[in-house]
Amino acid sequence: MENQMKLADCDGGKGNFNLFDVSLETDKHTNSTIYQYCLNDEVESKKSYCTAAVCLPGWSGTLCNQKGVTLPELNEITTSSSRTLNVTGRISNVPIISNVTDRISNVPIISNVTDGISNVPIISNVTDGTDVETPASDPITSCEENNGGCGEDVCVEVQGDVFDVQVKCNPPDEEIFKVPEVYENTNLDEPKNDWNYKGCFNKVQSFKELMIVSLNSCFEYCKETSFYAMKDGRLCTCANSVENEAGADKCNKKCSDGLSCGGSSFHSVYAKKSNQSITVGCFKYLDLEHKHDQLLSKALCLDKCKELGFPYSGTRDETCQCGRKIEFKDQLNKEQCEEHFVFAFLSDVSPELDVQGKPTKYNYCMNDKIEIKKAYCRTGHCRIGWTGALCDKRDCGVNNGDCGKEMMCVQEIVNNIMFEKCLCGKGFVTTIESQCKKQEMLREDETDAGSNPNYIVITIIIVCSLFISMGIGLITYFLYKSQCG
């Protein structure tokens, strides 16, 4: 076979021939899937490296039909500057590579040699001072086939810079990760043990409000909304939106049950649990303590676990397990669980809400499209600035608790519980978009009812009314005295 042409230029006319394989396997039906000569590819055939009988990058073999196969060790080949190939040994049907130097760089030259060798294409690299870049093989873009070439390692699909998906091979975990037992009430009609405190806010979009002195009564009153808030220790507000967060020192009033209940101009805000599930992570191995014998879809499994009072569910294909104690290993990109049902999906069936009204997320680096590509990212590792077995708590001592440059990670103790939050500096409040803005119409010393403008207005009205009443009384008295005098 000599003088190969571009496949697109071969019309079968006089002077050229189309070569066919008449004994194809049933699942290999086109030349583009078997014989990977670069001249058969419309794009690669235009590149300088592409000459007769050269395979596409990543393919090899005499007919370019072997994917990812490396060439065997060859006998040493030497050449002279006149491009005469000296081959030692008798070789049959083996590709032979010779290194030739004659001022051409990185350009494969195909020579047909018949010096005791039968049917052997010989590839030589020669140089003439011209540097021509030989294209690298395309990266593997899926773990589905042959474990993405990772061998015994764990194949993880990541978002690529050029290709939509690329593959990252992580070593398998030697030990199982164990999450301490989670004691959490999954009943949406009952408050959490820590009441799910969200922060001290200046602005609350009121749905309805009522004078109430206990936090539990406020929770019961706000059945229809995502948030319930207490202001000045006695005003309960039901809301679906809150804004302008400040430090906990602004919410210095207590309810009758001793819990944080706002300040004169600020609300202590608490959140309900969400009725939406949220993904915790995707794993090759997952074990929860309660297994179901019956086959259940993911949706039915979530409902079953919630019904039984378990905070977490695990699904793999149509198998279902629920639990409070979690064991896992070999974590994957969570999107791999959505595409391949052979992996285990761990879900939180009743997660907390953040101040945007969305379920809180579990901040594993493997769940982040950018962090997953970094070298540190392995099973169970949190994004930098987060900590905890479920990566759901900020670590103010590392990377500013992932709060960014504008805000500070601060620790606050509220209702005898330590919270780590992202807040703006003194004199500023944090907006719903996590930006800092200056406090408006609020004085720094506003900590009691006497400094609240609303109370001041009411007080002025009452005092004025008293003076008016006294004046009317005096006028009436003097008129009476003058007439009766």
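Here are the numbers for this structure:
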read-out: Shape call, the range 292-361: gyration tensor on alpha carbons, a/c limit 1.5; value: oblate
read-out: Ordering of 319-328, 168-177, 342-351, 383-392 by burial proxy (mean other Cβ atoms within 10 Å per residue, highest first); value: 342-351, 319-328, 383-392, 168-177
read-out: Sequence ranges 396-407, 244-255, ranked by mean other-Cβ count within 10 angstrom, highest first; value: 244-255, 396-407
read-out: Table column - 3J(HN,Hα) (Hz), the range 231-241, Karplus curve with 6.51, -1.76, 1.60, x for Gly and Pro; value: 10, 6, x, 8, 10, 8, 10, 9, 8, 10, 8
read-out: Net length gained if the chain between F207 and D249 were fully extended (0.36 nm per residue, minus Cα distance); value: 12.6 nm
read-out: Long-range amide H partners of R324 with built H, under 5 Å; value: E289
read-out: Overall form of the range 335-434 per C-alpha gyration tensor (a/c, 1.5; a/b vs b/c); value: prolate
read-out: Two-site FRET efficiency, K393 against M470, from Cβ-Cβ distance with R₀ of 51 Å, rounded to 0.05; value: 0.25
read-out: FRET E, pair E224, A375, Förster distance 56 Å, beta-carbon r, rounded to 0.05; value: 0.70
read-out: R0 of 35 Å, Cβ-Cβ distance Q356-E152: FRET efficiency to nearest 0.05; value: 0.25
read-out: Under 5 Å, built H, 5+ apart or other chain: amide partners of C261; value: K253, K254, C255
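We did not get these values from a lab; they are worked out from the coordinates using the rules stated. Keep in mind the model is a prediction, meaning the values are calculated, not measured. Ideal geometry is used to build each Cβ from the backbone, glycine not excepted, and the neighbour counts take in all protein chains shown.
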